[in-house]
Structure formats: C-alpha cells, structure tokens
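First comes the structure, then the notes that go with it.
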Amino acid sequence: MAHIDPEHIAISKSKGIKIDWKDGHRSDYSLAYLRDECPCASCTGVHGTEPQKTSHSKGANDPFPQFKPVLKMLNVEPVGHYAVRIYWSDGHNTGIYSFERLRDICSCAECQLARAKTGTATQ
C-alpha cells in the first residue's frame, strides 16, 4: 500500500508533524490535532470505557479560561516501520500512531472531501 508509506517525515516538537507520502500527497498535523486524535485505548474507549478524548484543537469557549500549560511533544520514536509513538508534555504516551491511521485522519481539504463522498469520518 504505497499510499500509506511516508516518503519524508518532518517533526517539530512545538508545531507538529508533516508527512510527504510516496503517492505525492502531503499531510500537516498540528500538535493539538494529533493529541485530540490519540488512538490509544483510554482515549478511544476501546475497552468499553468512556473515551478520554482531549479537545486541544477546539479552542476554549470559556471567557475566563484557567491556565493550561502549552502542549508539546517531548519525544517521538519510531515503532517498527509502521508507526510513531509520541510522548506528550501532559504525561500521555500510550498512543501509537500508525502511518495508516495518520493518513486516514489527514485533515486537508482533499481528504475531508474524499471522506465526505464515501461517508467515512475520522474516529
């Protein structure tokens, strides 16, 4: 599956991840979006528990928000030849982001349109 194979991955611990895919597509993932899309069991509620999703990318609706530390990636490490694990400044590190999952959650206009046409959404 060449479309899920990355050609180049650029990691900025303060901004996010950019991936150039072998099929010529480009994806740009902000820190907040990646953290909100964490695929781990506790964030997704896979074991029948309430999903512990974050909402970093949604912004605050509270006119008097409490201080929240700036979200950062402390470390990113490869997992085999199929994924990366991100160690977050909020202490979270159990999410393994497969390249297939990263391609599936690409938020560019082209991918959003393709998902809308097929009726699939990011989980």
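Quick note: the coordinates plus some simple rules give every number you see, no bench work behind them. Model, not experiment: these values are computed from the prediction. As a convention, Cβ positions derive from the backbone with ideal geometry for all residues, glycine included, and neighbour counts pool all protein chains shown.
Only counting other Cβ atoms within 10 Å, I'd like V76, V70, V46 sorted with the fewest neighbours first.
Lowest to highest Cβ neighbour count: V70, V46, V76.
Give me Rg/Rg_expected for the chain, where Rg uses Cα atoms only and Rg_expected = 2.2 N^0.38 Å with N residues.
Values: Rg = 14.9 Å, N = 123, 2.2 N^0.38 = 13.7 Å.
Taking N as the residue count of the chain, the ratio is 1.09.
Which one, G91, C108, A41, projects farthest toward the positive side of the charge dipole computed for the chain from Cβ point charges (K/R +1, D/E -1)?
Value: G91.
Comparing Y33, Y97, Y82, which has the greatest mean-square fluctuation in the GNM of the chain with Cα pairs linked when under 10 Å apart?
Result for the chain, Cα springs under 10 Å: Y82 fluctuates most.
Rounded if a/c is under 1.5, else prolate if a/b is larger than b/c, else oblate: which is segment 72-111, with a ≥ b ≥ c the root eigenvalues of its Cα gyration tensor? Intermediate values should be presented prior to the final figure.
Working: a/c = 2.86, a/b = 1.50, b/c = 1.91.
The shape class here is oblate.
Taking 8 Å as the Cα distance limit and 6 or more residues as the minimum spacing, I'd like the relative contact order of the chain as a percentage.
Numbers: 174 pairs, mean separation 24.7, N = 123.
That works out to 20 percent.
Taking 7 Å along the Cα-to-C-beta vector as the label spot, tell me the K18-S57 distance in nanometres, rounded to one decimal.
1.8 nm
Say we join alpha carbon atoms closer than 10 Å with springs in a Gaussian network model of the chain; which of K22, K58, K13 then has the biggest fluctuation?
Ranking K22, K58, K13 by mean-square fluctuation puts K58 first.
Would you mind checking the tilt of helix 109-118 against the longest principal axis of the Cα atoms of the chain, expressed as 0 to 90 degrees and rounded to 10?
Helix 109-118 sits roughly 80 degrees off the main axis of the chain.
Could you pull out every residue, at least 5 positions away or on a different chain, whose amide H is within less than 5 Å of the one on K72? Hs are placed 1.01 Å off N in the peptide plane, and Pro or chain starts have none.
S89, D90
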